[in-house]
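Shown next, in structure tokens, is the structure this report addresses.
The values are calculated or read from the model by the stated rules, or taken from the named source; none is laboratory data. In this text, all values refer to a predicted model and were calculated from it rather than measured experimentally. With ideal geometry, Cβ positions are generated from the backbone for all residues, glycine too; neighbour counts draw on all protein chains shown.
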Amino acid sequence: MSFLRSAQFNLAIALVSLSLLAIGCSVSAGNDPYFGRTAPPQNHTLHYVTGSEVESLDPQVGTGQPDTRIYMALFEGLVEYGPKTTLPIPGVAEKWDLNKDSSEFVFHLRHDARWSNGDPITADDFVYSFRRGFSPAQASRAAYLGYYIKYAEAYNEGAVFVRDPKPNAQGEYTYVLEKDVKPEATGIEAATERAPEGEDASLDTPFHHFMHAPSRLVLPGDEKDRAEEINKDPKLKAAVAGKEFVPVKAEDIGVEPIDPYTLRVTLTQPAPFFIKLMAHQFFRVVPKKAIEQYKDTWTQPGHIICSGPFVLKEWKPYNRVVVERNPYYWDKTEYWKQSPTGEKIEQIIYYPLQDNSTIMNLYKSGEIDAFLNHTVPKAWLDVIIPKRDYMDAPENAIDYYDFNCKKPPMTDARVRKAFNLAVDKEAYAKWRKIVKPASTFVPAGIFPSYPTPQAELFNPQKSRQLLAEAGYADAHGNYDPKKFPVNDVELTYNPDGSNGEIAEWVQAQWKQNLQLTIPLKALEFRTFLTARPKGEFKGIARDGWVGDYMDPFTYLGLFASGAGDNGTQWTDPKFDKMLDDANRIPDPQERYNALAKAEAYLLDQQPFLLLSIPKVNWMKKPYVKDMFPNPGTLHAWKFVYIETDQSRWDQGTPDMTGEELGLADWQKEQTASAR
């Protein structure tokens, strides 16, 4: 039994490290078209390195890519990421209908979708999962992704409705409406309270009437915050006088089980991108039975109940996660898919590893079959890129640093712009070799027809001038680095992969161009993931974003008020309105134009330091089939199989064109019309 495939995982790493010292860690693989050993595994097991230790196996907790890839094995949503493009393909929902302005979706669930214990998956399971995810007690950092669902944000933030203290003769309460105090308020509700044009009237229900009634006024649940908001607005104060405040409940959010296999989701406004977002792990169905029975230990082997193509067999933290196929999974055609030689995957072993050189040598020796993105070390690229098992494709991602806009000195936009302009992105891209310099937050070239705004990459003279204007100047008005409060700033990062090396490179840029030595601070990944979104860092923190779906809003929405992964802490009502207005535009190109204007405004505020637009940088053995270098490096594991017939091996990056696996013709047309 090989090192990694035994229980002695830590011993394996130690032995590999010692062997590297002994042999000098030669990267060269001679004239071999592949890098290292290419013997398919004999036990139908895929060995994959995920990166850092997962934060949680609860899909409404973890937000990192290592977690996401494992969630895609264990849990399924209404839709799934397509293996080639990451555009949505049918999941538990076999089809769906949407109204003419993309503000309401009706999902039709498969009757053969089952949990790993054999129980059917129903619309009630999704309602439970959505309500749990938005629950304030769950404190999900990804909850903001679903704020377009009506009243979801209000429930998640513990807000209240305002109503008369006594019901009328019919036992109904009268609520204060948003339009009563905010004339500019808009929503999906029309003059009618019934099903909008284009919907099946037979699906109309009392809850549907409630969803399409004028929106209720929502106020903060915290008494002090509520009083402050009321007292500063005379019209609001008059409207709530003599009224009572009642908490927004889980039952109020716009998710309705029409019947056991029909689910309706109602949004606050049109959101053309929403169906692309539904594949995100936050929206994947989770097991009420296991959660209520086992509480905080429901994700442990023996307790967990799964909805995806695999089930959890073993989880040894900082060692490995083992999943094996789910016998109750609905997709018997694709999941049970076999190569012509019959090598379907029976299980996947995920290994948490962070050292890139170790990962590369384990891959070379054949101990692992594939590994995570951004792994091939820079010094190895000249040898690795020509190999047939190196994946070469564009990525839906951005690398950047957060400025903490709530703590001085980064509260000043001039300081933020100065630090950004003091880093030479062109030089950084040449140093990194497989990235492009980033001057905008939405990656240029990923979304066809999106009019990318123009922004300045590098200007050290201007950066020093900006700092002088911000007050860090001598008596003559010239920039004086001694005046800058270096003790109030540090660059915080997680030391995975090349992050430390990159931090040192950026630190050297500030030293060279601003004459400032900014301290570096490393935090373990799980601690870092918790601290950064809360702004628990001084000055600057490493960040990066892989698009959750193929639309510019997956980037711009990070900075909308209430976004959970916004480490910058920067928000702006003007920016919020620009985004909302853009998403109300039915014409796709006009919507893109409006989003680009919002991005231009965001760039002017500079809440981040832009670094680069990456390309995928990972490898897989040629016998690993239907595992594609898609823009998000998110793998639909049910399609992956092991090919033992060498004549059928991949001879380079797999073909990314042609029909998306698992995507029916009707759904492709629907996706295209929603763009």
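Picking from Pro448, Pro495, Pro519, which residue would you name as being in the same structural domain as Thr571 (by TED's automatic domain parsing) and modelled with pLDDT of 95 or more?
None of the others qualify; the one that does is Pro519.
Going by the structure shown, is Lys295 surrounded by fewer than 24 Cβ atoms within 10 Å (Cβ to Cβ), free of Cβ contacts under 8 Å to residues at least 40 places away in the same chain and either closer than 22 Å to Arg526 by Cα or in contact with a Gly (Cβ under 7 Å, 6 or more places away or on another chain) (or both)?
yes
Here is a yes/no grid of residues against (1) in a loop (DSSP other than H, G, I, E, B); (2) at pLDDT below 80:
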{"site": "Arg5", "(1), (2)": "yes, yes"}
{"site": "Asn10", "(1), (2)": "no, yes"}
{"site": "Leu15", "(1), (2)": "no, yes"}
{"site": "Ser28", "(1), (2)": "yes, yes"}
{"site": "Tyr34", "(1), (2)": "yes, no"}
{"site": "Arg37", "(1), (2)": "yes, no"}
{"site": "Phe105", "(1), (2)": "no, no"}
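Tally up the residues in segment 59-78 that are farther than 26 Å from Ile359 by Cα and either surrounded by fewer than 24 Cβ atoms within 10 Å (Cβ to Cβ) or in contact with a Cys (Cβ under 6 Å, 6 or more places away or on another chain) (or both), please.
1
Mind checking which helices (runs of 4 or more DSSP H) fall wholly inside segment 558-675 and carry at least 2 residues that are modelled with pLDDT of 90 or more and not aromatic (Phe, Trp, Tyr)?
573-583, 588-605
When the residues of segment 550-561 are narrowed to those that are closer than 19 Å to Phe134 by Cβ and touching a Ser or Thr at 6+ places or on another chain (Cβ under 8 Å), which ends up surrounded by the most Cβ atoms within 10 Å (Cβ to Cβ)?
Ala560
Does at least one position in segment 296-317 carry a residue that is β-branched (Val, Ile, Thr), touching a strand residue (DSSP E or B) at 6+ places or on another chain (Cβ under 9 Å) and within 16 Å of Val640 (Cβ to Cβ)?
no
Evaluate segment 620-629: report whether one residue or more is over 30 Å from Trp649 (Cα atoms), under 21 Å from the mean Cα position of the chain (by Cα) and touching a residue at least 60 places away in the same chain (Cβ under 8 Å).
No, segment 620-629 contains no residue that is over 30 Å from Trp649 (Cα atoms), under 21 Å from the mean Cα position of the chain (by Cα) and touching a residue at least 60 places away in the same chain (Cβ under 8 Å).
Of everything in segment 556-584, what is within 19 Å of Leu529 (Cβ to Cβ) and aromatic (Phe, Trp, Tyr)? Give them in sequence order.
Phe559
Looking at this structure, is Ile368 assigned to a strand (DSSP E or B), more than 19 Å from Asn459 (Cβ to Cβ) and among the aliphatic types (A, V, I, L, M)?
Criteria not met by Ile368.
Go through (1) over 30 Å from Asn373 (Cα atoms); (2) crowded, with 18+ Cβ neighbours inside 10 Å; (3) among the β-branched types (Val, Ile, Thr) for Ile540 and report which single condition fails.
(1)
Could you list, in sequence order, all residues of segment 268-283 that are of a type outside the set (Lys, Arg) and in contact with a strand residue (DSSP E or B) (Cβ under 7 Å, 6 or more places away or on another chain)?
Phe274, Ile275, Met278, Ala279
Which is closer than 17 Å to Glu157 by Cβ and not small (Gly, Ala, Ser), of Lys237, Lys224, Lys243?
The conditions single out Lys224.
Just need a number here: residues in segment 80-114 that are of a type outside the set (Ser, Thr, Tyr) and closer than 25 Å to Gly544 by Cα.
Residues in segment 80-114 being of a type outside the set (Ser, Thr, Tyr) and closer than 25 Å to Gly544 by Cα: 6 in total.
Among the residues of segment 570-596, write down those that are free of Cβ contacts under 8 Å to residues at least 40 places away in the same chain and touching a helix residue (DSSP H, G or I) at 6+ places or on another chain (Cβ under 8 Å).
The answer is Thr571, Asp572, Lys574, Phe575, Met578, Leu579, Asp581, Ala582, Ile585, Ala594.
Please determine, by comparing only the residues of segment 100-138 that are small (Gly, Ala, Ser) and surrounded by fewer than 18 Cβ atoms within 10 Å (Cβ to Cβ), which one is farthest from Gly158 (Cα to Cα).
Checked segment 100-138; the qualifying residue farthest from Gly158 (Cα to Cα) is Gly118.
Can you name the number of the only condition in (1) over 17 Å from Leu610 (Cα atoms); (2) not assigned by TED's automatic domain parsing to the domain that holds Tyr34 that Val423 fails?
(1)
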